[in-house]
Each structure stands twice: as C-alpha cells, then as structure tokens.
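Engineer: One structure is given below, represented as structure tokens, and several questions about it will come after.
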Amino acid sequence: MKTAFDIIRLTPKTNCGECGFETCIVFAVSVIGGNCKVGLCPYIKDKAHGVNNERAGIAGEISPDTALLKELKSKVKSADLAKRADGLGAEAIEEGGQTALKLPYLGSEVTISAKGAKDLNGHELDPRDQILLYNYIFFGGSGPLTGQWIGLESLPNSISKVVTLRRYAEDKLAEAFGGNIEGLRKAAGRLSASLIDPCHADLCLIVPVLPKVPVQLHFWDQDTEEGFGPRVKALFDRRVLDFLDIESLIFASERTAEAIIAQTS
Ligand code: SF4
C-alpha cells in the first residue's frame, strides 16, 4: 500500500501549487486519503521514470514516517518561522541559535524547528505528532476563527472521511468513557479542555488541540434502560480547513481521543 511519502517522492517538491494544493505534502496526503488523483500534479509523470525506481530499494528500508519527517525538517530550514508565528497562534523563540516556534499542543507546550518538534524537556515527540505539527506550520493559516462550530460532514470533500473520524476518534472516546462521564471530564481537563455550558448533550467540552484548531466534543452517555450506547460527536470551527488539511484534521482528532484516554491510565 502506498503512503504519503511514496507520493511526495514522485513530486519535484517545489510547492508550485499547480495541483490546487498549497504544498506537495498536502497534495500527497490528499491523494492517499482518496480526495484527489495523483495525475493532478503535472510533474509526476516525468519524475516517475528512473529516479524513483532507483530509490525504491532504499525507501523499502526506511520507515515512511521517519523519511517524511526528515524531509519536513529539512524543508522547515528555509521557512520564515517568525513570520508565520502570529497567524498560527505561536510564539517565535530562539533555540540553539535558530528560530523555533513555541505553541500549545494537546495541553502541553512544544517547540518546533528544523531539529524537530520537542516537549519542554527537549524530548522529540512521536514522529506522527511531529508530522502533524509541521503540516500545521506549512499550511500557514492566519486570521481569527469564526466561533461557528460544524460537523465534519459540513466541510467540503469530507463525506468519505466521516466514517474514519467516527471510528478512530468519536467511537474510541465513547467506548472508553461510557458510564464514566466524570472520568471524561477529568481526563479532558488535564489537557486544558474547558466545559461548555449550556450543553445540549450530557457533557460538552472544547479541547485546544492546536492554537487555531480547537475541537468541540459532545458526549451522550449510555442509557441502559432505553438500550442506547454512549455516543460522541466532534465539531470544528468553520474555518478549520484554513489551518489543516482534512487528513491532518482527522489525525489530530484521533490523537486527541488517544491523549484523553491516556490521561486515565
Ligand atoms: S503540482 Fe506537483 S509540484 Fe506543484 S505543488 Fe502540486 S504536487 Fe507539488
């Protein structure tokens, strides 16, 4: 099965935008997510002969996440991080003689630079989290959020992703906290989630995943008498796709669910 890394390797990585996506990374993730065809990049055909075949053996020995991460770190060297800081809700800082961005991610402060994304103890984050954070930076969103919350199904080109979001984020949370609403409130609170009141579900929370990507979670607990299981619905700001592509948004939601569940152990 192809990965986003396989697709990126086929592009010239110039971020020219001719495919309609801001960067080659976003394009590659969209191809893997089934949102567009690889032929949208007019440069892939030429590049697909020779060079990529030669490198196929090497790629087989490298974990795609690790190789993609290496590429992202190298790309961030030429990005003007200080210029992007405000729009992303981050702070530009000096770290080891280089500019880095400091921002909150799932309840903890992290720094991101060409050396990687690290927690405040200097430990590198899980490669998947680092890729998400680099995508957030390269997406380069700016401006205020709308304060209008909508379900994934109301975002463009999202229909095929609704089931993925349910399976990997909403259902995971519902299963973990069915019959334990207080446990969910406490666990999410440890990630700096705030309660929404009034709430038309049994519990409504806003989890600050990234500065410009908050996720609202509505939780309905199980009703054994009526025979209903627990249910969770995630909502996003109407402008969320100005800050993350849809694949990254679903991944961010999955990591949010995992991070909340991890707070109970
Ligand atoms: S058209 Fe190709 S090279 Fe240009 S941004 Fe899209 S994927 Fe990258």
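The values are calculated or read from the model by the stated rules, or taken from the named source; none is laboratory data. What you are looking at is a predicted structure, and each value in this text was computed from that prediction instead of being measured. Cβ coordinates were reconstructed from backbone atoms using ideal geometry, including for glycine residues, and neighbour counts include every protein chain displayed.
Engineer: Could you check the range 35-54 and list, in sequence order, the residues that are more than 11 Å from the ligand (Cβ to nearest atom) and modelled with pLDDT of 75 or more?
Structural biologist: If the condition is that a residue be more than 11 Å from the ligand (Cβ to nearest atom) and modelled with pLDDT of 75 or more, then Lys37 is the only one that fits.
Engineer: In addition: Look through the range 145-177, keep the residues that are of a type in the set (Gly, Ala, Ser) and assigned to a helix (DSSP H, G or I), and return whichever of them is nearest to Ile250 (Cα to Cα).
Structural biologist: We begin by selecting, within the range 145-177, every residue of a type in the set (Gly, Ala, Ser); these are 147, 151, 154, 158, 160, 169, 174, 176.
Still in the list and also assigned to a helix (DSSP H, G or I): 154, 160, 169, 174, 176.
Values: Ser154: 14, Ser160: 12, Ala169: 8, Ala174: 16, Ala176: 19 Å.
Among those residues, the one meeting the criterion is Ala169.
Engineer: Right, next: State all residues of the range 185-239 that are buried (at least 18 other Cβ atoms within 10 Å of the Cβ), out of contact with any strand residue (DSSP E or B) (no Cβ under 6 Å at 6 or more places or on another chain) and part of a helix (DSSP H, G or I); if no residue qualifies, say none.
Structural biologist: Ala187
Engineer: A follow-up question, please. Given (1) among the hydrophobic types (A, V, I, L, M, F, W, C); (2) buried (at least 20 other Cβ atoms within 10 Å of the Cβ); (3) in contact with an Asp or Glu (Cβ under 9 Å, 6 or more places away or on another chain); (4) touching a residue at least 24 places away in the same chain (Cβ under 8 Å), identify the lone condition not met by Ala117.
Structural biologist: For Ala117, the failing item is (4).
Engineer: Residue under question is Lys172, and the condition is that it be buried (at least 18 other Cβ atoms within 10 Å of the Cβ) and under 18 Å from the mean Cα position of the chain (by Cα); does it hold? Talk me through it step by step, then tell me what you get.
Structural biologist: Values: buried (at least 18 other Cβ atoms within 10 Å of the Cβ): yes; under 18 Å from the mean Cα position of the chain (by Cα): yes.
Yes; evaluated as a whole, the condition is true for this residue.
Engineer: Condition check: under 30 Å from Leu217 (Cβ atoms) and either at pLDDT 80 or above or within 24 Å of the chain's Cα centre (by Cα) (or both). Does Leu101 satisfy that?
Structural biologist: Yes; evaluated as a whole, the condition is true for this residue.
Engineer: Counting only residues that are in contact with a Leu (Cβ under 9 Å, 6 or more places away or on another chain) and within 8 Å of the ligand (Cβ to nearest atom), how many does the range 13-25 have?
Structural biologist: Looking only at that region, the number is 4.
Engineer: Among (1) at pLDDT below 85; (2) assigned to a loop (DSSP other than H, G, I, E, B); (3) not polar (S, T, N, Q), which single condition is Ile58 missing?
Structural biologist: Among (1) at pLDDT below 85; (2) assigned to a loop (DSSP other than H, G, I, E, B); (3) not polar (S, T, N, Q), Ile58 violates only (2).
Engineer: Considering only residues that are more than 19 Å from Gly141 (Cβ to Cβ) and touching a Ser or Thr at 6+ places or on another chain (Cβ under 9 Å), look in the range 88-98 and name the one that is modelled with the lowest pLDDT. Explain how you work it out, then say what you get.
Structural biologist: Within the range 88-98, the subset more than 19 Å from Gly141 (Cβ to Cβ) is 93-98.
Keeping just the survivors that are touching a Ser or Thr at 6+ places or on another chain (Cβ under 9 Å) gives 93, 95-96, 98.
Numbers: Ile93: 95, Glu95: 87, Gly96: 83, Gln98: 88.
So, considering only residues that are more than 19 Å from Gly141 (Cβ to Cβ) and touching a Ser or Thr at 6+ places or on another chain (Cβ under 9 Å), the one modelled with the lowest pLDDT is Gly96.
Engineer: A follow-up question, please. Return yes when Glu182 is without any contact (Cβ under 8 Å) to a residue 40 or more places away in the chain and outside the structural domain of Cys24 (by TED's automatic domain parsing) and no when it is not. Spell out the reasoning first.
Structural biologist: On the way: without any contact (Cβ under 8 Å) to a residue 40 or more places away in the chain: yes; outside the structural domain of Cys24 (by TED's automatic domain parsing): yes.
Against the criterion (without any contact (Cβ under 8 Å) to a residue 40 or more places away in the chain and outside the structural domain of Cys24 (by TED's automatic domain parsing)), Glu182 qualifies.
Engineer: Hey, another quick one. In the range 1-12, what residues are assigned to a loop (DSSP other than H, G, I, E, B) and more than 9 Å from the ligand (Cβ to nearest atom)? Before you say what the answer is, go through the steps one by one.
Structural biologist: Quick first cut of the range 1-12, residues assigned to a loop (DSSP other than H, G, I, E, B) only: 1-3, 11-12.
Selection gives Met1, Lys2, Thr3.
Engineer: In addition: Determine whether Ala79 is at pLDDT 85 or above, out of contact with any Gly (no Cβ under 8 Å at 6 or more places or on another chain), assigned to a loop (DSSP other than H, G, I, E, B) and not assigned by TED's automatic domain parsing to the domain that holds Pro214.
Structural biologist: yes
Engineer: Another one. Exactly one condition in (1) on the phi > 0 side of the Ramachandran plot; (2) surrounded by 20 or more Cβ atoms within 10 Å (Cβ to Cβ) is not met by Gly97; state its number.
Structural biologist: (2)
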